[in-house]
1. Only one of these is assigned to a loop (DSSP other than H, G, I, E, B), modelled with pLDDT under 90 and under 22 Å from LEU431 (Cβ atoms): ALA40, ALA107, ALA64. Name it.
2. Being assigned to a loop (DSSP other than H, G, I, E, B), modelled with pLDDT of 95 or more and over 23 Å from GLY287 (Cβ atoms), is that true of even one residue in the range 174-189?
3. Condition test on ALA414, is it farther than 30 Å from SER337 by Cα, modelled with pLDDT of 95 or more, assigned to a loop (DSSP other than H, G, I, E, B) and assigned by TED's automatic domain parsing to the domain that holds ALA107?
4. Given the conditions (1) touching a residue at least 12 places away in the same chain (Cβ under 8 Å); (2) under 23 Å from LEU185 (Cα atoms), report the number of the one that TYR249 does not fulfil.
5. Restricting attention to the range 245-276, which residues are at pLDDT 95 or above, assigned to a loop (DSSP other than H, G, I, E, B) and surrounded by fewer than 14 Cβ atoms within 10 Å (Cβ to Cβ)?
6. Yes or no: SER293 under 21 Å from ASP242 (Cβ atoms), surrounded by fewer than 19 Cβ atoms within 10 Å (Cβ to Cβ) and touching a residue at least 12 places away in the same chain (Cβ under 8 Å)?
7. Can you run down the residue pairs with Cβ atoms below 8 Å, 6 or more apart or on separate chains, where the first is in the range 74-91 and free of Cβ contacts under 8 Å to residues at least 12 places away in the same chain and the partner is buried (at least 21 other Cβ atoms within 10 Å of the Cβ) and part of a strand (DSSP E or B)?
8. Just give me the residues in the range 142-173 being among the aliphatic types (A, V, I, L, M) and assigned to a loop (DSSP other than H, G, I, E, B), in sequence order.
Amino acid sequence: MRRVSRLAVAATALLCAFTIGAGVTVTRLLPARLALWRPARIVALPLTTSGQVLGTVTGASSVAPGVTMSGLTRALSPVLGSGDLGSDFGMLVTDLETGQVLYSQNASTGFAPASTTKLATAVAALHVLGPSARFHTTVVTGTRPDRIILVGGGDPTLAAGPAPAGDYPQPATLQELAKSTAAVLRERGVASVHLGYDTSLYTGPGLAVGWPARYVTEGDVSAITSLEVDQGRLTTAGKPEDADDPGNYRPRSTDPAGQAAGAFAAFLRADGIVVKGAPATAKAPAGATTLASVSSPPLSQVIQWMLEESNNVIAENVARHVALALGDPASFTGAASAEEKVLASLGVSGISLNDGSGLSPDDRITPAALVQVVGLAARQPQLRSALTGLPVYGFSGTLAPGAANPFWGGGGPALGTVRAKTGNLSNVIALTGIAAARDGQLLSFAVMAGNLPGLNAAGAGLAGIANTLAGCGCR
């Protein structure tokens, strides 16, 4: 028995040593400052295709002489000269640590940013609210004991029922809120209620100026309201999807608040509470008692969710919370203005917004502004999730491999070493983030183009730029 015990201990020690060694080996494959990404939706691809060997990064100052402006210009010339981005584009590349400009073309010109706007939204929200902020959905008493009101708190990750166990982060649900509410009602001797729902936290229209109706019917976004579930995504049966499925492009709910209230009523009934009639819009009385509440994941995780899958509903809700924090109206106009004010206070200029997601074709951001935002996120720990939440080229989110992904250009030096936010509309494309050059020097970059000759060709062009930056010795 003692011999078996000793063998078991020895085997366990060997397994631990192997695991630690494997972890160290994998860590050394990535630059140190890019090794903190979460392995979400990882795609199994060989990491040997780039042919590059990465060392430990201790800062650009330890790498001499580093990428030069002339060297990078020569390296980018074939890609930028291909015509894939058309003639209307801008680009800026800087050394992330020193801020030295390494390439610049139309960097102060405003372009339609598409979903790269979400990076600006992320930084503004993290700065004002903090990475640990949460959004709360509550149930309060009405004007009579048998009246209760479901109050939307602007949680864009709220689900109706439980999400699959593998989804990350796990959202709060109306099912758990109903269970807690039913327990309190029973304690009070209340067996039947009239249900109202309050969406007064936000003001203004549910769709922004310039948003076509097809954004809803094609599954890009739902009307923005402070109470909704699953970002308005529906199953084929028209029910809340209760799963994080960015590939669901079915039409979204046309009445997200009403649908959320209906789902909550159904959960209450399942918990033994009679709900009389249909839920109706209502305003929570001043000083109403809270019966139950559920909270979103922390903002840092919400930001990661938003950036990785380029979630428009999350972006618009987060932007409204920036407005609320500043005391501005929680509308499209108020949220856009609030974002601009926050970013200006951080020293970022060159941003003019109509929404927080970038769906508006009238938004304008300069490449220089995006690089400034990247730099802020890199320097300030409170903003870190705006970088760690970015998709990783060849691995996750909107930079994962896929035939339908215009940003995927195959393997190359960018594989695992470029972390960036994508953006595209029908004739607009953009990419901004961080690339580790061949010797590990970190580059911040933004490239934006409009009036494209073709979206797929432009995507290939951006993939070429990402691979050029990541493979650059560029002396």
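The values are calculated or read from the model by the stated rules, or taken from the named source; none is laboratory data. In this text, all values refer to a predicted model and were calculated from it rather than measured experimentally. Every residue, glycine among them, receives a Cβ derived from its backbone with ideal geometry; neighbour counts consider all protein chains shown.
1. Working: ALA107 fails: modelled with pLDDT under 90; ALA64 fails: under 22 Å from LEU431 (Cβ atoms).
Among ALA40, ALA107, ALA64, only ALA40 is assigned to a loop (DSSP other than H, G, I, E, B), modelled with pLDDT under 90 and under 22 Å from LEU431 (Cβ atoms).
2. Pass one, the range 174-189, residues assigned to a loop (DSSP other than H, G, I, E, B): 188-189.
Narrowing further to those that are modelled with pLDDT of 95 or more: 188-189.
Applying the additional criterion that residues be over 23 Å from GLY287 (Cβ atoms) yields none.
No: zero hits.
3. Working: farther than 30 Å from SER337 by Cα: yes; modelled with pLDDT of 95 or more: yes; assigned to a loop (DSSP other than H, G, I, E, B): yes; assigned by TED's automatic domain parsing to the domain that holds ALA107: yes.
So ALA414 fits the description; yes.
4. (2)
5. GLY272, LYS276
6. Values: under 21 Å from ASP242 (Cβ atoms): yes; surrounded by fewer than 19 Cβ atoms within 10 Å (Cβ to Cβ): yes; touching a residue at least 12 places away in the same chain (Cβ under 8 Å): yes.
Answer is yes for this residue.
7. none
8. The first filter runs over the range 142-173 and keeps only residues among the aliphatic types (A, V, I, L, M), leaving 148-151, 158-160, 163, 165, 172.
Matches in the range 142-173: LEU158, ALA160, ALA163, ALA165, ALA172.
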